[in-house]
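Chemist: My questions will all concern the structure given below.
No value in this document is a laboratory result; all are computed from the given coordinates. Predicted model only: the values in this text are computed from it and were never measured. Here the Cβ positions follow ideal geometry from the backbone for every residue, glycine too, while neighbour counts run over all protein chains shown.
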Amino acid sequence: MRVDVITTREELNRLRKNWDDLYEKDPEAQFFLSWTFLSSYVRRYEDAWSILAARPGPPGSPYVALLPLRLRTRLNKKTGFCHNEINMAGNYAADYAGIVCSPGYAQRAIPALARHLMKMNWAKLHLENLRMSEKRRRLLLDNLVDKRLTAQKVARFNKTDNVDNCVCPATELPGDWDSYLERKTSSNTRQKIRRFLRKLDGSDEFRITNADASTIDRDIGIILEMWRIKWAPRKGSLLPGLIRSNRILFKDAFESGTLFLPILWQRDKPLGGLAFLVDDVKKTMLFHLAGRDETANDIPSGLVLHAYCIRRAIEQGFRVYDFLRGNETYKYSYGVEETTIHCFLVKTRTGRNLGDRLDARSVGSVLEQATKFHEAGNLTNAENAYRQILEVNSRHARTLYGLGQLLAARSDHWSAVDTFASLVEVAPNSVKAWSRLALEYQALGRHADAAHAFRKVLELNPELPGAQYGLGRSLIQLRQVDEAAKILSSVQEKADKPVDPVLRAKTRLQLQKLKEDASPCYIKREPTKTSLPAVEHAGA
C-alpha cells in the first residue's frame with residue numbers, strides 16, 4: 001500500500017471524483033469528511049493542510065483511503081524552540097472527524113496511513129472527535145504505538161453545563177411524519193408539536209422563511225446576532241473569532257448548496273433560527289447552530305423550528321436528523337439515540353518533533369517569530385529559531401541573513417563569516433549578502449578576502465559609496481595605497497550624488513591619514529663629495 005501526500009489545490013480538485021466515489025461507498029463516512037465540506041474549509045489554512053491518500057496500485061490508480069490533516073506550529077516563548085502539532089483537518093468547525101475508506105481496504109490502508117504519520121515531523125497528534133468504528137479506531141491507534149510516544153484518551157465534558165461533548169444524539173427518520181411522532185416522541189411532546197405546528201401553519205402572525213440568495217446575508221446576520229447575545233458572557237474574547245468562523249462556514253455551505261437556514265418570524269420580528277448542514281449523499285441533516293430571541297414568549301421557537309425541520313426532512317426523504325456533539329437535555333425530546341465519538345492525544349515524550357526537526361511547511365511562521373525575537377533583542381531565542389529552520393533548509397536565504405546579522409552583533413565574526421559565505425552561494429547577486437561578508441572579513445583582519453567581497457559588491461552596484469569606502473580601507477591595510485587613494489577620492493568627489501555625511505567624514509579622515517603617511521619607504525641619498533687639499537705640482 002502506497003501513501004501519497006496531497007498538498008495543493010490543483011491536486012485536491014483532481015481528487016474530487018475519486019473522493020466522492022469513496023464517500024458514497026463508505027458506510028462510516030459523514031458530512032465533515034466530504035469533499036464538499038473539506039475542500040472549502042481548508043482554504044482557510046493554505047500551506048498547512050494535507051491529505052494522506054493510500055493506493056494499492058501504481059501511480060495514478062484510485063485511492064482507497066483518505067486522511068485529511070492540518071498542521072500547526074507552536075512556540076516555546078522561553079526557549080525560542082518550535083514544534084509542530086497535527087490536527088484532523090476539519091477541527092474546529094467539524095463536529096466529527098475520521099478517515100474516508102473503501103470498506104474492503106480498511107485492514108491494509110489504515111495501518112499504512114498510520115505508518116506514514118510516524119514518518120512525519122510532529123510533537124503532538126490530536127485525534128479529536130473520531131467518529132469511527134472500534135475496528136477502524138484500533139487499526140489506527142495500534143499502529144501509532146512507539147517507545148518515543150505516549151497516548152491518552154481525552155474527555156470532552158463541559159462541567160459548567162453538565163454536557164458530555166463526546167455523546168452525539170441523532171434520530172433516525174421513518175418514512176412519514178405521523179410515524180415519527182408516534183414512534184419517536186412522548187405523548188406530551190407530540191401534543192405540543194401538533195398544536196404549535198397547527199398554529200404556525202394557519203397563522204398570519206407567525207411564519208418560517210428559508211434563506212435564499214436574496215436573504216442569505218440578512219438571515220446569517222440574524223441568527224449569529226441572536227447567538228452572540230446569548231453566549232457573549234460565556235465566550236468572552238473568543239466570541240468575535242467564533243462569529244467570523246461561523247459566518248464563513250455558512251456562506252461557503254450556502255454556495256455549495258449544503259446550508260439550510262430557517263428563520264421563525266412574528267410578523268416582521270425574528271424570533272429564532274436554526275442552521276443546518278445538509279448531506280444529500282448520506283441523507284442527513286446536521287443541526288449546527290441555533291439563535292433565538294430570549295425575550296419572546298408567545299411561541300416556543302426552538303420546539304417549533306425543530307418540529308418544522310424534522311417534518312420537512314421526512315418529506316424530502318432524509319433518513320437521519322443529527323444533533324451533533326453534546327447530550328443537552330432538550331435533544332432527547334425528539335426520539336434520539338446516542339453515538340459516542342472519541343478523542344486521543346498522541347505526543348512525543350521529549351516535547352520535540354519526531355525526527356527532531358520542523359515540518360518544512362512551518363518555516364515561514366518560525367522565521368516570522370525568529371525575526372520578532374531578533375528585533376526585540378532576544379538573541380538566544382532568535383538563534384534557536386533560526387537554527388531550527390536551517391536544519392530543515394540549510395540554504396534558506398532570509399534565515400542565513402538573519403543569523404549572520406545576529407552572530408555579527410555578538411562579535412562572533414568567524415561564525416558570521418561562515419554564515420554569510422553560505423548566503424552568497426545561495427544568493428550570489430545579493431548586494432547585502434556580499435556587503436555583510438566583506439564587513440565580517442574586515443572585522444577578522446582578513447583584508448584580501450574583504451577586498452574580494454567588496455569588489456563583488458561593486459560589480460553588482462558600481463556606485464555604492466559604502467562598498468567603495470570599505471574596499472579603500474582594506475586596500476590601505478594591504479599597502480595598495482595608490483588604488484586606495486583613488487577609490488576613496490572618488491567617494492569624496494561624488495558631488496552629483498548624495499553621500500552620507502558620516503561616511504564622507506570617515507573617507508576624508510582616511511585620505512588625510514594617507515597623505516600623512518605618504519613618505520617613501522626609504523630615502524635616496526646622493527653620494528657625499530670629499531674635499532681634498534690642493535696638490536701643488538713640483539716646479540710650480
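Chemist: Hey, any idea what Rg/Rh is for the range 409-500, computing Rh the Kirkwood way over Cα pairs?
Modeler: Working: Rg = 13.2 Å, Rh = 13.4 Å.
Radius of gyration over Kirkwood radius for the range 409-500 works out to 0.99.
Chemist: Whole angstrom only: what separates the Cα centroid of the range 159-201 from the Cα centroid of the range 319-377?
Modeler: 32
Chemist: Based on Cα coordinates alone, diagonalise the gyration tensor for the chain, multiply each eigenvalue by 5, take square roots, and list the semi-axes in whole Å, largest first. Mind dumping the intermediate values first?
Modeler: Values: eigenvalues 1169, 148, 72 Å².
Semi-axes (√(5λ), whole Å): 76, 27, 19.
Chemist: What angle, in degrees between 0 and 90 and rounded to the nearest 10, separates the Cα long axis of helix 465-477 from the longest principal axis of the Cα atoms of the chain?
Modeler: So the helix axis and the longest Cα principal axis differ by about 40 degrees.
Chemist: Moving to a separate point now. Hey, rough spin-label estimate for GLU338 and THR209, points 7 angstrom out along Cα→Cβ, what's it come to in nanometres?
Modeler: Taking the two extended label points, one gets 4.0 nm.
Chemist: Could you derive backbone 3J(HN,Hα) for the range 432-441 from the dihedral phi with the Karplus parameters 6.51, -1.76 and 1.60 (θ = phi - 60°), listing whole Hz in sequence and x where the residue is Gly or Pro?
Modeler: With coefficients 6.51, -1.76 and 1.60, one gets 4, 5, 5, 5, 4, 4, 4, 5, 5, 4 Hz.
Chemist: I've got another one for you. Nearest 20 debye, what's the magnitude of the dipole of the chain about its Cα centre given +1 on Lys and Arg Cβ and -1 on Asp and Glu Cβ?
Modeler: Numbers: 83 positive and 64 negative charges, 221 e Å.
That gives a dipole near 1060 debye.
Chemist: Taking the 0 to 90 degree range and rounding to the nearest ten, how far is the long axis of helix 397-409 tilted relative to the main principal axis of the chain, both from C-alpha atoms?
Modeler: Roughly 50 degrees, rounded to the nearest 10.
Chemist: Further question: Along its principal axes, what span do the Cα atoms of the range 167-340 show, with the longest given first and each in whole Å?
Modeler: The Cα atoms of the range 167-340 stretch 43, 39, 32 Å along the principal axes, largest first.
Chemist: Here's a follow-up. Which ³J(HN,Hα) values in Hz, rounded to whole numbers, follow from the phi angles of the range 481-487 under the Karplus curve 6.51 cos²θ - 1.76 cosθ + 1.60, where θ = phi - 60° and Gly and Pro get x?
Modeler: Using θ = phi - 60°, the values come out as 6, 5, 5, 4, 5, 5, 5 Hz.
Chemist: Here's a follow-up. I need LYS135, LYS347, LYS147 ordered by Cβ neighbour count within 10 Å, fewest first.
Modeler: Placing the least packed residue first, the sequence is LYS147, LYS135, LYS347.
Chemist: What would the Debye equation give as log₁₀ I(q)/I(0) for the range 358-514 at q = 0.18 Å⁻¹, counting only Cα atoms as equal point scatterers?
Modeler: Debye curve over Cα of the range 358-514, log10 I(q)/I(0) at q = 0.18 Å⁻¹: -1.02.
Chemist: Next up: Sort 154-166, 474-486 by the packing proxy (mean of other Cβ within 10 Å over each peptide's residues), most packed first.
Modeler: Numbers: 154-166: 12.7, 474-486: 16.4.
Going by the mean number of other Cβ atoms within 10 Å, highest first, we get 474-486, 154-166.
Chemist: Nearest 5 percent is fine: what portion of the DSSP beta bridges confined to the chain is antiparallel? Intermediate results must be reported in sequence, preceding the final value.
Modeler: Values: 58 of 65 bridges.
For the chain, the DSSP antiparallel bridge percentage is about 90.
Chemist: To test your reading of the geometry: what angle, between 0 and 90 degrees and rounded to tens, separates the Cα axis of helix 187-201 from the longest principal axis of the chain?
Modeler: It works out to around 80 degrees.
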